1. Note down the nm distance, to one decimal, between modelled labels 7 Å out along Cα→Cβ at residue A:71 and at residue A:48.
2. How much length is gained if the chain between residue A:102 and residue A:9 is pulled fully straight, taking 0.36 nm per residue apart and subtracting their Cα-Cα distance, in nm to one decimal?
3. Return the sequence-ordered ³J(HN,Hα) values of the stretch B:23-29 in whole Hz as given by the Karplus equation 6.51 cos²θ - 1.76 cosθ + 1.60 applied to θ = phi - 60°, using x for Gly and Pro.
4. Summarise the long-distance tail of P(r) for the protein assembly as shown by giving the % of C-alpha pairs beyond 27 Å.
5. Once amide H atoms are placed 1.01 Å from N in the peptide plane, what residues at a sequence separation of 5 or more from residue A:53, or on another chain, have their amide H within under 5 Å of its amide H?
6. Find which of B:139, B:9, A:33 sits farthest along the positive direction of the dipole of the protein assembly as shown, computed with +1 on the beta-carbon of Lys and Arg, -1 on that of Asp and Glu, about the Cα centre.
7. Could you give the alpha-carbon Rg of the stretch A:32-80 over 2.2 N^0.38 Å, rounded to two decimals?
8. Take every Cα pair under 8 Å in chain B that's 6+ residues apart, average their separations, divide by the length, and report that relative contact order as a whole percent.
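The values are calculated or read from the model by the stated rules, or taken from the named source; none is laboratory data. Since this is a predicted model, take the numbers as computed values, not measurements. Note that we place each Cβ from the backbone using ideal geometry, even for glycine, and neighbour counts take in every protein chain shown. The protein model used for the area step is the full one, side chains on, heavy atoms only, and it has no ligands, DNA or RNA in it. Shrake-Rupley method; radii C 1.70, N 1.55, O 1.52, S 1.80 Å.
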Amino acid sequence: MKLNYEIIDNIFILSVIGEVDANSAIELDDYVGKAIEDGYKYVLVTCNELDYISSAGLGVFISYIKKLKVNDGAFSFCSLQKSVIEIFNLLGLPKLVHIADSKSESIDYLKNYK
Amino acid sequence: MIRKLSIPSSTRYLSEVRNFVRQFLRARNVCKSDVNLIVLAIDEACANCIVHGNKNNLNDKLSLLLESREDELLVKVVDTGENVPILKSIDDNIVSECIDQEKKGGLGLYIMQKVMDDVQFLNEEKENYCLLKKKINFPSPPFQQKMFLD
């Protein structure tokens with residue numbers, strides 16, 4: 001797994017590359033947790049190069065949903081590969097977090113959130 | 001057909017587990033979508049055994065056995081760690097509960113139950129078994145189908 005980030009309009013944009021499992025989820029948690037601790041309340045996760053994610057990786061995002069919501073913030077996930085969409089669907093995540101086809105669509109959503 | 005993989009008990013080796021399962025299922029012409037979700041369920045089973053059973057102890061081993069029968073996949077994950085009592089069934093509210101309680105864990109067993117037809121945990125003589133079953137058609141390779149049609 002590789003992680004890259006950038007900040008656009010106060011949105012923390014995290015690119016997750018490769019496979020996230022019980023091993024790499026620890027590093028993912030450090031990144032996301034630090035961003036939220038630093039005060040970012042809009043987190044965009046770009047998934048076009050995310051090939052696989054297990055419950056440990058999804059658990060990282062799930063555990064921060066409430067914290068963002070309390071601060072009037074949100075996650076948005078964009079550009080998911082079909083195999084990753086299947087995993088999101090298995091957990092019913094499309095009903096619980098915003099999912100977009102493109103990064104620009106996610107940015108628009110978060111900029112206009114609340 | 002039975003295939004076995006043995007790895008040191010560390011989450012660092014989960015990618016080997018996934019590659020082993022992918023290779024096994026692809027060689028049996030299982031469709032992409034089934035491969036994706038079965039790989040996920042077995043990854044979850046192995047991660048559970050490594051983290052909760054063997055407590056990430058590298059001196060312990062984890063064994064994975066895959067068996068393809070005519071219309072069924074049988075999976076056995078064996079660890080030699082602590083026997084951790086497992087809840088029998090998890091309902092669909094688990095994701096909402098994790099959000100509400102800000103929990104990172106607890107979804108692995110739910111995924112195993114959603115993907116597989118049967119999930120069982122057994123303990124025998126210092127070994128813990130996680131047994132998974134899934135009804136699945138193992139399609140014949142294309143050339144065999146053609147020969148059959150001819």
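1. Result: 2.8 nm between the two label points.
2. 31.8 nm
3. Rounded to whole hertz, the list is 4, 4, 6, 5, 5, 9, 6.
4. Numbers: 14135 of 34716 pairs.
Roughly 41 percent, once rounded to a whole number.
5. The answer is A:20.
6. Value computed over the given set: B:139.
7. Scaled against compact globular proteins, the figure is 1.14.
8. 27 percent
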